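Trainee: A single structure is presented below for examination.
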Amino acid sequence: MTRRCEETIVRIYPDDEMKTPMHMSMGQEAVAVGVCRALGNNGDVVASYRSHATYLAQTEDHGSFFGELHGRVNGTADGKSGSMHLADIPKGMLGSTGIVAAGIPVAVGAAFANKQNSPGRIAAAFFGDGATDEGVFWESLNVSCAMGLPMMFVCEDNDLAVHTRKSHRQGFNSLVEVVKKYRCSVYEDDTNDVESIYAMTRSAIAQIIAMGTPAFLNVKTYRYLEPCGTTMDSDAPYRRAEEDAYWKGRDCVALQRARLLANGLAEKDVVAVENEINAAILASVAAAKAAAHPTPQQLYYGVFYEAP
Amino acid sequence: MRRLSFAEAIRECLFQEMERDPSVIVYGIGVPDFKGIFGTTVGLGEKFGPQRCFDTPLSEDIMTGFALGAALKGLRPVHIHIRTDFLLLAMNQLVNMISCHNYMTGGHTPVPIVIRAIIGRGWGQGAQHSKSLFNYFTHIPGLKVVAPATPRDGKGLLAAAIRDNNPVVFLEHRWLHWIEDDVPEESYETPIGVAQTLREGSDLTIVATSWMVIEAVHAAKILAGVGINVEVIDPRTLAPMDMAPIIASVKKTGRLLIADYDWLNSGLSAEIAADVGVACFGRLKQPIERVGFAPTPCPTVRTLENHFYPNAETIVRMAEKMLQRAPMDLSGVDFFSHERRFRGPL
């Protein structure tokens with residue numbers, strides 16, 4: 001569903017009805033889907049600006065998603081916030097942020113509250129490997145480990161901060177080896193397989209609950225599109241042809257589709273599900289386009305809290 | 001009514017709020033230690049336990065975003081900084097995250113966070129331990145900013161801040177902690193966004209912030225001795241500012257002096273002056289004047305520190321200038337200092 005939503009964005013973005021920067025998840029969806037499925041209804045998540053997959057995996061709500069991207073009142077924030085600030089707090093989607101690494105502390109605070117008020121509930125921060133260059137990532141890791149919080153760090157490791165690789169940014173050889181020195185459990189995945197990531201996350205959740213300490217998940221992944229925008233930039237100078245081919249040859253959606261068929265599902269049944277998803281997405285896009293933009297008065301609404 | 005110091009009033013408020021509402025948590029660097037932020041948090045850790053009152057790593061940035069996450073999950077965090085200067089390490093979380101989270105999520109998200117920070121002159125605190133930075137916070141939509149100047153307002157405004165569903169920056173001058181005054185024993189709220197007229201007068205309106213309220217009242221008493229009647233207004237809340245009583249007062253007196261405990265350039269005093277200039281155009285008998293910090297970093301040495309900070313004498317001299325009076329002899333007058341403490345009541 002996440003992939004189909006973003007394919008729809010790629011198709012209709014040139015219509016210029018969605019006037020919001022797009023940081024696309026395409027290629028990386030297995031991380032959000034695997035982790036959020038493993039958390040089930042018992043998790044709170046905070047996403048980075050590359051928030052689409054996390055939002056859709058956590059909420060399964062592409063109606064509000066397309067409403068927000070279109071700047072309409074049926075969006076997550078009455079259409080006022082766009083792609084970088086998707087949130088649905090009752091569903092445990094606490095927020096997304098345009099400042100690299102700034103959402104991680106929010107998840108730590110949620111983990112603290114959950115430890116007191118909702119035992120067994122986990123808070124997860126999603127961030128890219130670029131966020132680990134920021135000081136607040138290390139502060140957050142330290143605080144979570146020092147306080148023993150039910151906190152999950154999910155590093156979507158695509159090796160790139162915009163166009164710059166880890167090797168140019170890091171003064172150490174392995175983030176995972178550094179993090180292992182902290183009082184937390186560390187997990188790694190390099191499969192791009194949603195079921196593998198799901199199983200790893202279930203293990204991490206069990207460990208967090210049993211040990212009362214955080215978990216750090218480093219999941220290698222690959223971003224198909226440009227850092228911001230909807231263009232496939234495979235020919236850009238920072239890309240490597242063999243790497244591009246390697247990751248697209250193990251596309252997470254294709255992997256899971258092949259598994260469903262191998263497990264005995266008929267092609268026509270898979271197609272039927274895909275058609276159902278596509279039709280629902282088109283209905284969400286139509287509903288968004290039919291909804292109103294916020295009124296000029298709504299500019300001033302919500303600076304301070306308003307009772308619902 | 002019994003007397004409490006400002007510091008005791010703050011501490012009593014924290015006790016009462018934590019007792020009243022189990023979702024209130026209080027934390028920050030040094031908060032549960034034996035000194036307890038000028039005594040304002042002493043005993044909280046012992047009474048409420050380490051889950052509700054705790055020390056933190058020296059990590060202002062994470063611990064500010066932490067407040068947002070905790071607030072979104074139903075807690076009411078009070079995060080304390082022993083110097084406002086240290087808050088600069090957390091401005092990303094405050095300005096980019098906390099101030100706009102409600103707006104960015106549709107307007108119905110409670111973000112009940114209090115950021116309590118100590119401002120101002122101590123005993124040679126120098127350039128990195130003494131700032132006010134009022135305008136850093138008042139500039140940002142979505143933040144409320146309060147700066148009480150009396151023990152009674154300190155207790156009532158802190159209670160109101162903790163119960164508010166918005167982020168509130170609560171700024172208190174360390175010299176205020178010594179002031180004693182009548183403070184009601186029971187819990188109460190002083191409403192955010194309501195100014196208070198401390199002294200009525202017909203010749204000149206002085207709007208003063210935080211510690212300058214003490215200096216302005218002192219100056220008003222001195223000026224009364226030579227027949228100058230000064231009206232002193234304490235906004236108490238810096239954002240949103242309650243302009244109506246200020247404007248009404250200036251329409252009455254025709255003269256406005258703003259005594260801000262901060263730098264003047266691009267400051268809160270300029271904002272007040274601009275609003276009054278619009279509202280009272282044609283009613284002003286004199287140009288609006290301001291006193292505040294010297295436009296320099298704060299020096300540590302006392303001889304220069306005395307020139308850096310305005311006090312009652314600065315206010316008296318400016319008032320005399322505005323009223324075309326000759327400077328009076330102030331040689332016998334005692335002014336407040338770290339050693340000659342103002343202990344109240346106001």
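Trainee: Out of the stretch A:37-58, which residues are in a helix (DSSP H, G or I) and in contact (Cβ under 8 Å) with a residue 60 or more places away in the chain?
Mentor: A:37, A:38, A:39, A:54, listed by residue number.
Trainee: Name, by its number, the condition in (1) part of a helix (DSSP H, G or I); (2) buried (at least 16 other Cβ atoms within 10 Å of the Cβ) that does not hold for residue A:245.
Mentor: Among (1) part of a helix (DSSP H, G or I); (2) buried (at least 16 other Cβ atoms within 10 Å of the Cβ), the lone unmet condition for residue A:245 is (2).
Trainee: Another one. Scan the stretch B:276-317 residue by residue and report those that are in contact with a Phe, Trp or Tyr (Cβ under 9 Å, 6 or more places away or on another chain) and either assigned to a helix (DSSP H, G or I) or within 15 Å of residue B:255 (Cβ to Cβ) (or both).
Mentor: Scanning the stretch B:276-317 gives B:302, B:308, B:312, B:313.
Trainee: Oh, and also: Considering each residue of the stretch A:295-308, count those that are surrounded by fewer than 17 Cβ atoms within 10 Å (Cβ to Cβ), of a type outside the set (Ser, Thr, Tyr) and not in a helix (DSSP H, G or I), and give that number.
Mentor: Residues that pass the stated criteria total 3.
Trainee: Here's another thing I want to ask about it. What residue, among those in the stretch B:39-92 that are among the hydroxyl-bearing types (Ser, Thr, Tyr) and within 14 Å of chain A (Cβ to nearest Cβ), is surrounded by the most Cβ atoms within 10 Å (Cβ to Cβ)?
Mentor: Result: B:64.
Trainee: When residues of the stretch A:119-143 are filtered for being surrounded by fewer than 20 Cβ atoms within 10 Å (Cβ to Cβ) and either at the interface with chain B (Cβ under 8 Å from one of its Cβ atoms) or among the charged types (D, E, K, R) (or both), how many remain?
Mentor: The number of residues fulfilling the criteria is 4.
Trainee: Name the residue, out of B:259, B:273, that is over 24 Å from residue B:176 (Cα atoms), hydrophobic (A, V, I, L, M, F, W, C) and not in a loop (DSSP other than H, G, I, E, B).
Mentor: Every option except B:273 fails the conditions.
Trainee: It is to be established whether one or more residues within the stretch A:254-277 are more than 23 Å from the chain's Cα centre (by Cα), in a loop (DSSP other than H, G, I, E, B) and of a type in the set (Val, Ile, Thr).
Mentor: No, the conditions are met nowhere in the stretch A:254-277.
Trainee: Does residue A:101 satisfy the criteria of being among the small types (Gly, Ala, Ser) and either touching a residue at least 60 places away in the same chain (Cβ under 8 Å) or at the interface with another protein chain (Cβ under 9 Å from one of its Cβ atoms) (or both)?
Mentor: no
Trainee: Do we have any residue at all in the stretch B:93-114 that's under 15 Å from residue B:31 (Cα atoms) and either under 21 Å from the mean Cα position of the chain (by Cα) or more than 7 Å from chain A (Cβ to nearest Cβ) (or both)? Give the steps one after another, and end with the answer.
Mentor: Of all residues in the stretch B:93-114, those under 15 Å from residue B:31 (Cα atoms) come to B:114.
Subsequent filtering for residues that are either under 21 Å from the mean Cα position of the chain (by Cα) or more than 7 Å from chain A (Cβ to nearest Cβ) (or both) retains B:114.
Yes, because at least one residue in the stretch B:93-114 is under 15 Å from residue B:31 (Cα atoms) and either under 21 Å from the mean Cα position of the chain (by Cα) or more than 7 Å from chain A (Cβ to nearest Cβ) (or both).
Trainee: Moving on. Test residue A:144 against the stated conditions and say whether it is under 17 Å from residue B:57 (Cβ atoms) and not in a loop (DSSP other than H, G, I, E, B).
Mentor: Spelling it out, residue A:144 is indeed under 17 Å from residue B:57 (Cβ atoms) and not in a loop (DSSP other than H, G, I, E, B).
Trainee: List pairs: first residue in the stretch B:213-234 and touching a residue at least 40 places away in the same chain (Cβ under 8 Å), second residue aliphatic (A, V, I, L, M) and part of a loop (DSSP other than H, G, I, E, B) anywhere in the structure, Cβ distance under 6 angstrom, at least six positions apart or on different chains.
Mentor: These pairs meet every condition: B:213/B:149; B:217/B:346; B:226/B:328; B:234/B:149.
Trainee: If you don't mind, there's one more thing I want to ask. Test residue B:142 against the stated conditions and say whether it is over 13 Å from the mean Cα position of the chain (by Cα), buried (at least 19 other Cβ atoms within 10 Å of the Cβ) and closer than 30 Å to residue B:72 by Cα.
Mentor: It is true that residue B:142 is over 13 Å from the mean Cα position of the chain (by Cα), buried (at least 19 other Cβ atoms within 10 Å of the Cβ) and closer than 30 Å to residue B:72 by Cα.
Trainee: Need pairs with beta-carbon distance below 8 Å; first residue at positive phi and within the stretch B:10-28, second surrounded by fewer than 21 Cβ atoms within 10 Å (Cβ to Cβ) and of a type in the set (A, V, I, L, M); sequence gap 6+ or separate chains.
Mentor: From residues that are at positive phi, the pairs are B:28/B:82.
Every number here is computed from the coordinates shown, using simple stated rules; none is lab data. All figures in this text were calculated on a predicted structure; none of them were measured in a lab. Reconstructed Cβ throughout: ideal geometry from the backbone, glycine too, with neighbour counts over all protein chains shown.
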